[in-house]
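Colleague: A single structure is presented below for examination.
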Amino acid sequence: MNTSTSTFVRTEMLPEQAPPLTEAGAVKWVRENLFSSILNGILTVLGIVVVAYLVIGIAPWLSRSVWNAGSLSECRQIIADRWGEGVTGACWAVIRERWPQYLFGFYPSHLYWRPVLAFVLLCVAVAPVLFDRLPRKMLWFSLIYPAVGFWLLWGGSVWVPVMAVAGFAIGYAAVKVVQPVAGTILATIAAVLAPVLWWLFLAGPAADALQSILPIALQGVRSREFGGFILAFTIGFTGIAFSLPLGVMLALGRQSDMFIVNKLSVGFIEFIRGVPLITLLFTASLLLNYFLPPGTDFDIILRVIIMVVLFAAAYIAEVVRGGLAALPRGQYEAADALGLDYWKAQRLIIMPQALKISIPGIVSTFIGLFKDTTLVVFVGLLDPLKGITDAVRASTDWKGIYWEPYIFVGAIFFLFCFGMSRYSMYLESKLKTDHR
Amino acid sequence: MSEATALDLTARQIDPSQMKVSDEVAIQITQMNKWYGTFHVLRDINMTVNRGERIVICGPSGSGKSTLIRCINRLEEHQQGQIIVDGTELTSDLKNIDKVRSEVGMVFQHFNLFPHLTILENLTLAPIWVRKTPKKEAEEVAMHYLRKVKIPEQANKYPGQLSGGQQQRVAIARSLCMKPRIMLFDEPTSALDPEMIKEVLDTMIELAEEGMTMLCVTHEMGFAQAVANRVIFMDQGQIVEQNNPKEFFNNPQSDRTKLFLSQILGH
């Protein structure tokens, strides 16, 4: 019957039927995903061949792993004894034996508890930032953690980090004092200027004075003794923590109507993005010495961190600018129309949305930053990948070892970078409220 | 008849001329001029709005009607003349601007709700951060206005989960939470499907009945007839004609107005 030309009224509804075999289960999946066309079929077969080739090549080597040996020759002997002459195997014993060096570099071994404690506290400090189900009061600890971590890692007088934190309190106080008298713009300037002056001229003497009154100190550790993963983590995490706020400020500066602020931001971003990171690191380690007064002891790790922060901040500024540009003008107008001032509008309306859009880009920048910490080897710091591995391979015991240390360090980096990437996906789906 | 006038608004049996208008001046605009670059968008605007007045501003697109009401809360800056809102003159002084903005509510064509916040958070944000109202109190006020716009059950949803009409009612409620003395509407129904226009207009009519001072840019002539006590017709950046709705629709004076009315009313 042709229902399209004659009137038609359905009198009974059709029952649901099971789909044909080709539309369900594994058969359907394989057909659709692996052999949907001739080209797809060829690619599938090729892919399987490549994977099989790699597995056949690596699996035997991996299966012959040795975890206990004092040197490379001893390790090779064990492999020969166990699996016969002439076969190769993985000597993970090097990792086991040099584990402390990979983690701590040349950090004094009786002080290992300090970086370990710093790492544990780092996890506590980061947790409430990452997961908003944790109590918000924990954020106070996150705020003071940089000072705690610094003191644990480098030691020295407790008053140095305390005075550094005091700078922020002074900036806050400056705003509170200046704002009612001279308005927001002057208050912002005061908020920047007061702490900088404090750090440059007063913080040092104040710390010394307090130290002489109430001496509390940990044994000092010099930056040159840092190495391995504590170096990578110190630079990486500090870089991440400071580059985000700086990047956001730069992105706002680039959007600003104020001519000077705008041009300074644009100039900074374009300059930093136009220069390789290694150039900045060399500047930090070599050139700065010419500009600073002779005898100034400006910590090398601090210098590197500053450069890494500036570098990442420029990229983050551009990523965030993309997020800002994606917001409809109406959001700014609605915030304005409700009487929110610039900073409140940014904080409550604009940034939450712009940052949400920018999450993938920001996390990519963070991952890049974390991996780039290995570049500090070029300014003489012992990064885990080349610095420590070269030191290990230079020893008589492990001369000639090649794959294992690199695979190990690569795996650790992968673990953290993959974690960041997964977290970014979790955050994206959690913050998805637009229901498009 | 157009779709707009076909809406059964007059069934509410309100007579605009019966609604009281005080002598107190809410908005005073004198000799105001505005340019976009070299383009002269608003020319010699003179206008007084008394408290309790409901004014509908209409005109062809590009006539400057939206720009005019956006000048009233300084979303747009005027270059010449004077705008005094509730006794505060709008100048580049940020304090005055923030003061005016917190007294003047604005409803946009595209709602402009904050998509990352729930409906309740959208409503309480400004009271908490601008007026420093305690959160609990702000939420009570918010729920009151949500009930008023008849969607209290949506309080914990996100804007993206609501229909256009519901979103616009939330936007109205969001403005009301700041207890504004003046409400500006910038084509509040232009982005809505016909069936949702009525629910928004009903809300606006209720507001008018309560004596809110309203300036509304709209093409809903049925709404103008039902609640406005004055209709202003603009063209090419100037006020061409203003009159009470009855005279405006039945007896337009200027040729430009006649042409406009014939275009939007007669099909």
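The values are calculated or read from the model by the stated rules, or taken from the named source; none is laboratory data. All values derive from a computational prediction rather than experimental measurement. Here Cβ is always computed from backbone atoms with ideal geometry, including for glycine, and neighbour counts include all displayed protein chains. SASA here: full protein model, heavy atoms, side chains in, ligands and nucleic acids out. Shrake-Rupley method; radii C 1.70, N 1.55, O 1.52, S 1.80 Å.
Colleague: With +1 on each Lys and Arg Cβ and -1 on each Asp and Glu Cβ, how big is the dipole of segment A:263-345 about its Cα centre, in debye rounded to the nearest 20?
Modeller: Around 140 debye, computed over segment A:263-345.
Colleague: Looking only at Cα atoms, what is the convex hull volume of the protein assembly as shown per residue, in Å³?
Modeller: 274 Å³
Colleague: Could I have the simple spin-label model distance between A:Leu286 and B:Lys179, label points 7 Å from Cα toward Cβ, reported in nm to one decimal?
Modeller: Between A:Leu286 and B:Lys179, the label points sit 6.8 nm apart.
Colleague: Calculated FRET efficiency, A:Trp199 and B:Ser61, Cβ-Cβ r, R0 45 Å, to nearest 0.05?
Modeller: Computed FRET efficiency for A:Trp199 and B:Ser61: 0.20.
Colleague: For A:Phe259 and B:Asn33, FRET efficiency with R0 = 30 Å and r from the beta-carbon atoms, rounded to 0.05?
Modeller: FRET efficiency, B:Asn33 to A:Phe259: 0.70.
Colleague: Next question. Before I look further, what does segment A:1-153 give for accessible area per residue, probe 1.4 Å, in whole square angstrom?
Modeller: 72 Å²
Colleague: Just which residues of segment B:82-98 lose 10 Å² or more accessible area with every protein chain there, against their chain alone, with the probe set to 1.4 Å?
Modeller: Listed by number, the residues meeting the 10 Å² cut-off are B:Asp98.
Colleague: Could you work out how far the C-alpha centroid of segment A:296-324 sits from that of segment A:129-168, in angstrom?
Modeller: Segment A:296-324 and segment A:129-168 have Cα centres separated by 20 Å.
Colleague: Further question: Hey, can you list the residues from segment B:99-127 whose accessible area shrinks by 20 Å² or more with all protein chains present, relative to the chain by itself (probe 1.4 Å, no ligands or nucleic acids)?
Modeller: B:Arg101, B:Phe108, B:Asn112, B:Phe114, B:Pro115, B:His116, B:Leu125, B:Ala126
Colleague: Using a cut-off of 15 Å between alpha-carbon atoms, which aspartates and glutamates can reach A:Lys386, once sequence neighbours fewer than 8 places away in the same chain are excluded?
Modeller: The qualifying aspartates and glutamates are A:Asp372, A:Glu404.
Colleague: Alpha carbon centre of segment B:215-259 versus segment B:76-132: separation in Å?
Modeller: 27 Å
Colleague: Determine the sum of side-chain charges near A:Pro20: Lys and Arg each +1, Asp and Glu each -1, restricted to other residues whose C-beta is under 15 angstrom from that of A:Pro20.
Modeller: Charge balance in the 15 Å sphere: -1.
Colleague: What is the dipole size for segment A:181-332, taken about its Cα centre, with +1 at each Lys and Arg Cβ and -1 at each Asp and Glu Cβ, in debye to the nearest 20?
Modeller: Its charge dipole is roughly 340 debye.
Colleague: Treat each spin label as a single point 7 Å out from the Cα along the C-beta direction, and report the A:Ser429 to A:Phe414 distance in nm.
Modeller: Once both label points are built, they end up 2.3 nm from each other.
Colleague: Within the set B:Lys65/B:Lys179; B:Lys65/B:Lys136; A:Lys176/A:Lys344; B:Lys34/B:Lys246; B:Lys34/B:Lys99; B:Lys95/B:Lys132, which residue pairs have Cα atoms separated by over 27 Å?
Modeller: Where the Cα-Cα span goes over 27 Å, the pairs concerned are B:Lys65/B:Lys136; B:Lys34/B:Lys246.
Colleague: Here's a follow-up. Taking just the alpha-carbon atoms of segment A:156-218, what radius of gyration and Dmax come out, in angstrom?
Modeller: Final numbers for Rg and Dmax: 13.8, 43 Å.
Colleague: Could you list which residues have their amide H under 5 Å from that of B:Cys216, counting only those 5 or more apart in sequence or on another chain, with H placed in the peptide plane?
Modeller: Sorted by chain and number, the residues that satisfy this are B:Ile55, B:Val56, B:Ile57, B:Phe185.
Colleague: What value, in deg cm²/dmol to 500, does the helix sum -39500 (n - 2.57) over DSSP H runs of n ≥ 4 give at 222 nm once divided by the residues of the protein assembly as shown?
Modeller: Theoretical 222 nm ellipticity from helices: -18000 deg cm²/dmol.
Colleague: I want the antiparallel fraction of DSSP beta bridges within the protein assembly as shown, as a percent rounded to 5.
Modeller: DSSP beta bridges in the protein assembly as shown are roughly 50 percent antiparallel.
Colleague: If you take the accessible area of A alone, add that of B alone, and subtract the area of the pair, what total do you get in Å², probe 1.4 Å, to the nearest 100?
Modeller: That pair hides around 2000 Å² of surface in total.
Colleague: What ranking of B:Thr133, B:Thr38 comes out by heavy-atom accessible area, probe 1.4 Å, highest first?
Modeller: B:Thr38, B:Thr133
Colleague: While we're on this one: With every protein chain left in place and a probe of 1.4 Å, what is the accessible surface of A:Val275, to the nearest 10 Å²?
Modeller: 30 Å²
Colleague: Something else now. Once fully extended, how much extra length lies between A:Trp403 and A:Arg82, figured as 0.36 nm per residue of separation less the alpha-carbon to alpha-carbon distance?
Modeller: Extra length available between A:Trp403 and A:Arg82 comes to 113.5 nm.
Colleague: Under a Cβ-only charge scheme (Lys and Arg +1, Asp and Glu -1), can you give me the dipole magnitude of the protein assembly as shown about the Cα centre, in debye to the nearest 20?
Modeller: So the magnitude is around 1340 debye.
Colleague: Excluding ligands and nucleic acids, what accessible area in Å² is computed for A:Ile189 using a 1.4 Å probe, to the nearest 10?
Modeller: 90 Å²
Colleague: Along Cα→Cβ, 7 Å out, is where each label goes; now give me the distance between the ones at A:Ala394 and A:Ser223 in nm to one decimal.
Modeller: 2.0 nm
Colleague: Taking the Cβ of A:Tyr102 as the center, what net charge do the other residues with Cβ under 12 Å away carry, scoring Lys and Arg +1 and Asp and Glu -1?
Modeller: -1
Colleague: For A:Lys399, list the aspartates and glutamates whose Cα falls under 18 Å from its own Cα; do not include residues on the same chain fewer than 8 positions away.
Modeller: A:Glu74, A:Glu97, A:Asp390
Colleague: Once Lys and Arg get +1 and Asp and Glu get -1 on their Cβ, which of B:Met234, A:Leu72, B:Phe111 lies farthest toward the positive end of the dipole of the protein assembly as shown?
Modeller: Going by the Cα projections, it comes out as A:Leu72.
Colleague: Give me the aspartates and glutamates in straight-line cross-link reach of B:Lys157: C-alpha distance below 18 Å, same-chain residues under 8 apart excluded.
Modeller: Qualifying aspartates and glutamates at Cα under 18 Å: A:Asp434, B:Glu121, B:Glu139, B:Glu140.
Colleague: How big is the shadow of the Cα convex hull of chain B, averaged over all directions, in nm²?
Modeller: Reported value for the Cα convex hull: 14.3 nm².
Colleague: Using the Cα centre of chain A as origin and beta-carbon charges of +1 (Lys, Arg) and -1 (Asp, Glu), tell me which of A:Ile216, A:Thr389, A:Phe291 is placed farthest towards the positive end of the dipole.
Modeller: Ranked along the dipole, the leading option is A:Ile216.
Colleague: If r is the Cβ-Cβ distance from B:Thr88 to A:Thr188 and R0 is 25 Å, what FRET efficiency results, to the nearest 0.05?
Modeller: That pair, B:Thr88 with A:Thr188, gives E of 0.50.
Colleague: Does anything in segment A:350-375 have its amide N under 16 Å from the 7 Å Cα→Cβ label point of A:Val126, and if so which residues?
Modeller: Once the point is set 7 Å along Cα→Cβ of A:Val126, A:363-374 turn out to lie under 16 Å by backbone N, inside segment A:350-375.
Colleague: Grab the Cα-Cα distance for A:Leu327 and A:Glu32, subtract it from 0.36 nm times how many residues apart they are, and report the gain in nm with one decimal.
Modeller: Contour length minus the Cα-Cα distance gives 102.4 nm.
Colleague: When chain A is treated as a GNM, springs tying every alpha-carbon pair under 10 Å, which of A:Ala313, A:Ala187, A:Ala18 comes out with the largest mean-square fluctuation?
Modeller: Its mean-square fluctuation being the largest, the pick is A:Ala18.
Colleague: Using Cα pairs under 8 angstrom and six or more residues apart, how large is the relative contact order of segment A:156-218, in percent?
Modeller: Relative contact order here is 54 percent.
Colleague: Still on this model: Give the carbon-plus-sulfur fraction of the accessible surface of segment A:279-392 in %, rounded to a whole number; probe 1.4 Å, heavy atoms of protein chains only.
Modeller: 67 percent
Colleague: Roughly how many Å² of A:Cys123 are accessible to a 1.4 Å probe, to the nearest 10?
Modeller: 70 Å²
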